[in-house]
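Written below as C-alpha cells is the structure these notes are about.
The values are calculated or read from the model by the stated rules, or taken from the named source; none is laboratory data. Since we're looking at a predicted model, the values are computed, not measured. Virtual Cβ from ideal backbone geometry, glycine too; neighbours counted across all protein chains shown. Each accessible area value is taken on the protein alone, full model and side chains, heavy atoms only, with ligands, DNA and RNA left out. Shrake-Rupley method; radii C 1.70, N 1.55, O 1.52, S 1.80 Å.
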Amino acid sequence: MSPTRTFFVGGNWKMNGDKKSLGELIDILNAAKLHADTDVVCGAPTIYLDFTRQKLDAKIGVAAQNCYKVAKGAFTGETSPAMIKDCGVNWVILGHSERRHVFGESDELIGQKVAHSLAEGLGVIACIGEKLDEREGGITDKVVFAQTKVIADNVKDWSKVVLAYEPVWAIGTGKTATPQQAQEVHEKLRQWLKTNVSEAVAKSVRIIYGGSVTGATCKELASQPDVDGFLVGGASLKPEFIDIINAKQ
Ligand code: PGA
C-alpha cells in the first residue's frame, strides 16, 4: 500500500449466486461501513450486471467479468463494452486466469479486449499470473512480464487500468501467496512498468493481489509497499469481504 495510490478492492463473484443471494449480499454491502478512501468494485455475472448496478449503492463500482473486443455484430453469446456501459457499469475484468486457462483466451485476444474496452470508456482490471509449474520452473518473472507487455501494448491511458497479479496456484485453492511472495512480484512489475512504460505510470498504477485472499490474510498483504489492494473471489461472496475492503490500516 502506498500513501499516493488509492487502495482498490475488487470482488469477483464469478458464476455464483442468484437474485436472492446476490441481493442479500448487496444489502449487506450497502449497509456496511467501508473505508471512504478505498475504491470498491464488484464483478457480477453478465446476466446480473443491470440488477447489481441498480441495487448496489452508487459509491461501489460494478465490473463485468469479461467482454468482447468489438462494439456489436454477429457474435452469439458475447457482450460488448457498449452494452456494459449501457447498464451503468464502468469496469471490466479482463485476462482472468479462468478466461485464459479454462476458455483458452490468448494474450492477443486479451490485448484486443483491453484496447477496445478502454476506447469505449470502461476501466479495466487486467489480470496476469503464473501457473504452479511456471513458478516451480523459475519463470514467474518471464511469464508475468510477457502477459503485462501485451496489456501495456494496448493501453494509452493508464489511469483507467488496474493490474491484478493473481498467481494461478493461489486462485480458489486456499493457498494465499505469502506477503513476501506477493510483494516480490508486485515490486518487479512496478520496475517493469518503469523501464517499459514510464516512471509516472509505475508510480501511479494500482497493482492488486488476487488468490485466496481472506479476512485473515488481507491485513499483512495490504501492509506490503507495492500491494495496492485485492481481487477477491470466494471471500467476496461473504460478509468477510467487508473486512478485506477495510484491510488498509
Ligand atoms: P479466490 O479467487 O479469491 O477465490 O482465490 C480470486 C480470483 O479468481 O480473482
- Task: Just add up the charged neighbours of Cys127: K/R +1, D/E -1, any other residue whose Cβ is under 9 Å from the Cβ of Cys127.
- Result: +1
- Item | region 75-130-region 177-210 distance, computed between alpha-carbon centres (Å) | 21
- Task: Give Lys85/Lys203; Lys33/Lys72; Lys156/Lys238 a once-over and call out the pairs whose C-alpha atoms are over 31 Å from each other.
- Result: Lys33/Lys72; Lys156/Lys238
- Averaged per residue, what accessible area in Å² does region 58-188 show with a 1.4 Å probe, protein chains only? 45
- Query: Tell me which aspartates and glutamates have Cα within less than 12 Å of Lys175's Cα, excluding those fewer than 8 residues away on the same chain?
  - Reply: Glu166
- Query: What net charge do the residues around Leu25 carry, taking every other residue with its C-beta under 12 Å from that of Leu25, with Lys and Arg at +1 and Asp and Glu at -1?
  - Reply: 0
- Message: Could you order the peptides 147-153, 135-141, 230-236 from most to least packed, using the average number of other C-beta atoms within 10 Å per residue?
- Response: 230-236, 147-153, 135-141
